[in-house]
1. State yes or no: is B:A46 modelled with pLDDT of 85 or more, closer than 18 Å to A:T37 by Cα and not acidic (D, E)?
2. When both residues are 6+ apart or on different chains and their Cβ atoms are under 7 Å apart, which pairs have a first residue that lies in segment A:52-79 and is facing chain B (nearest Cβ under 7 Å), and a second that is in a helix (DSSP H, G or I) and among the hydroxyl-bearing types (S, T, Y)?
3. Here are B:M41, B:M59: which of them is surrounded by 24 or more Cβ atoms within 10 Å (Cβ to Cβ), in a helix (DSSP H, G or I), within 7 Å of chain A (Cβ to nearest Cβ) and over 15 Å from the mean Cα position of the chain (by Cα)?
4. In segment A:166-189, which residue that is free of Cβ contacts under 8 Å to residues at least 24 places away in the same chain and in a helix (DSSP H, G or I) is farthest from A:P223 (Cα to Cα)?
5. Check A:A45, A:A110 and return the single one that is assigned by TED's automatic domain parsing to the domain that holds A:Y207, within 20 Å of the chain's Cα centre (by Cα) and among the hydrophobic types (A, V, I, L, M, F, W, C).
6. With the requirement that a residue be small (G, A, S), out of contact with any Leu (no Cβ under 8 Å at 6 or more places or on another chain), more than 22 Å from A:V263 (Cα to Cα) and part of a helix (DSSP H, G or I), what does segment A:205-239 give you?
7. Would you check if A:A464 is touching a Gly at 6+ places or on another chain (Cβ under 7 Å) and under 17 Å from A:C339 (Cα atoms)?
8. Tell me whether segment A:270-281 contains one or more residues that are polar (S, T, N, Q), more than 19 Å from the chain's Cα centre (by Cα) and modelled with pLDDT of 80 or more.
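The values are calculated or read from the model by the stated rules, or taken from the named source; none is laboratory data. Keep in mind the model is a prediction, meaning the values are calculated, not measured. All Cβ positions, even for glycine, are placed from backbone atoms using ideal geometry, and neighbour counts span all protein chains on display.
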Amino acid sequence: MNDISQFPYGISILEITYILASVFFIFGLKMLSHPLTARRGNIIAAFGMGLAIIATILFHKRDGEPIGNIPYILVAIIIGTVIGLVIAKRVKMTAMPQLVSFFNGMGGAAAALISMMEFPHVSPDLIAKSGMANGHVLAILLGLMIGTISWAGSMIAFGKLDGWIGDLRVKALKYVNLTIFAVLIGFIVFIMTRNVQASAELTPLIYIMFAVAVIYGVLFVMPIGGADMPVVISLLNSFTGVAAAMGGFLYNNQAMLTGGILVGSAGTILTILMCRAMNRSLLNVIVGVFGGGGQTNISATGSVKEITVFDAAVLLSYSKKVVIVPGYGLAVAQAQHICHELDKLLEEKGVEVKYAIHPVAGRMPGHMNVLLAEADVPYEQLIESDEINPDLTNTDVLVVIGANDVVNPAAEDDPSSPIYGMPIIKARDAKNVIVMKRGMGKGYAAIENMLFYNDKTRMLFGDAKTTLQNLVNEVKSL
Amino acid sequence: MENILGFFLQHREAIFLVILSIFLGIEVISHVPAILHTPLMSGANAIHGVVIIGAIIVMGHAETTGAMILGFLAVVLGTLNVIGGFVVTDRMLEMFKKKK
């Protein structure tokens, strides 16, 4: 605070900019939560960020010292910008979820690095006065722990969504994780109760703590099923927010503090909202009961009946109402454009085509909306599952494209099923069901789907894109 | 006890800010339609890239080569978070725009 008399202008401008940045963040988030203003909200938040960064470089002073190494900082920013732009622009829409996870991890890593570098430099006066047990040290240690967990966890989530890391389901993992978490807390207590002259003496401990936090982050995400990844990413997102806020506490920096906490609390609420959309509790997701372990009472009875592309084309062309249920398979096959082509063809023939969108279809809430919007499917054709369910009884054909768990009747019938209670699209209410699938594999929750064995159901095996292409050709030639 | 009270007094402004921000965060995003969950998460993801400010401060006062390298890395990662986060969010929302 005594700096103010020495550098009145710079510091004032900096603080004013930080307040502005915080306001921009708040407005940005608020606007992001409404469809019409969302895009502008994002730009406003980005603008606030830009202001805060520029003002920090120009006006920030620590103990009267301005920011040094500016050329290097600029080089680092340019490198980050170029890599970030290339990755963000090049990646396909289907890979968006893992991308969010990746960038989230970067933020966590940055927070952890800051803590690692600040730890040896805790002011000796502060340590002489109140020992290691002070807010500064606590903020550094928490920033390190949370940032590292967020980074390691995000990288695992990224790998899982990208398909090169599988699930690791060991019952004992729960206890292992609890133990490691206790060890981390132990580290914090141990470091804060040491009697030392300088924090630098304890630096080696920081690196061990970092390693333990990495292990925890990895093991925390490992057992969680892929269908739950959005929830985990959202949770890790709020972790990174808290880690950033720790930095704000450390530097007495209001922009970091408000920005970080805002994301921390908004992220937590968002996580809970996502859990609610799947009718599950957060604890349930974290402990990871989903998939694998769930033993269902219903075993597959009856046989699966296939349909030829020609028959499917006839069935669709002579229906009055068709509902398409898209899922992750559609996204993987990049079949959204050809899917829209089919629905246009059918509409030309006077068939009413609607899309039933389950809130968690795909790998992220809203995944299907984004995908179909990319293919120019009109917004009015996308109907949320609650809204379309009562209408399904007078639907002639319901076409499931690469979706599985969101149409699984076990969610209504089988109390022992891990997805019991999850709201689903009541596919079996329709008069006919066509399921497009690559094979008889199970969905992400790894449970049997009785819908496939239903008398009304006909299977159309193959890659979604190829199958849809064949279907379009058949419908055209009818 | 004295320690805790002292801690509170010393950091009262920050604590005040934290508590208000928590409520603000909750208030600002409740009642979000499910379709916006992903873009909102992505947008929030970009906002916590504000950690880059800390990275700049650390780097700006780095003295040893080791600190310089770590600081450099922190700034690069922080920038990745900011730029990547905002650009990805914008790309997602661009898709939504067409639907009218």
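1. Numbers: modelled with pLDDT of 85 or more: yes; closer than 18 Å to A:T37 by Cα: yes; not acidic (D, E): yes.
Yes; evaluated as a whole, the condition is true for this residue.
2. A:A52/A:T17; A:A52/A:Y18; A:A76/B:T79; A:I77/B:T79
3. Numbers: B:M41 fails: over 15 Å from the mean Cα position of the chain (by Cα).
Exactly one of B:M41, B:M59 is surrounded by 24 or more Cβ atoms within 10 Å (Cβ to Cβ), in a helix (DSSP H, G or I), within 7 Å of chain A (Cβ to nearest Cβ) and over 15 Å from the mean Cα position of the chain (by Cα), namely B:M59.
4. The residue in question is A:V189.
5. Values: A:A45 fails: assigned by TED's automatic domain parsing to the domain that holds A:Y207.
Going through A:A45, A:A110 in turn, just one is assigned by TED's automatic domain parsing to the domain that holds A:Y207, within 20 Å of the chain's Cα centre (by Cα) and among the hydrophobic types (A, V, I, L, M, F, W, C): A:A110.
6. First pass over segment A:205-239, keeping only residues small (G, A, S): A:211, A:213, A:217, A:225-227, A:234, A:238.
Filter again for out of contact with any Leu (no Cβ under 8 Å at 6 or more places or on another chain), leaving A:211, A:217, A:225, A:227.
Still in the list and also more than 22 Å from A:V263 (Cα to Cα): A:211, A:225, A:227.
Scanning segment A:205-239 gives A:A211, A:A227.
7. It is true that A:A464 is touching a Gly at 6+ places or on another chain (Cβ under 7 Å) and under 17 Å from A:C339 (Cα atoms).
8. No, that holds for no residue.
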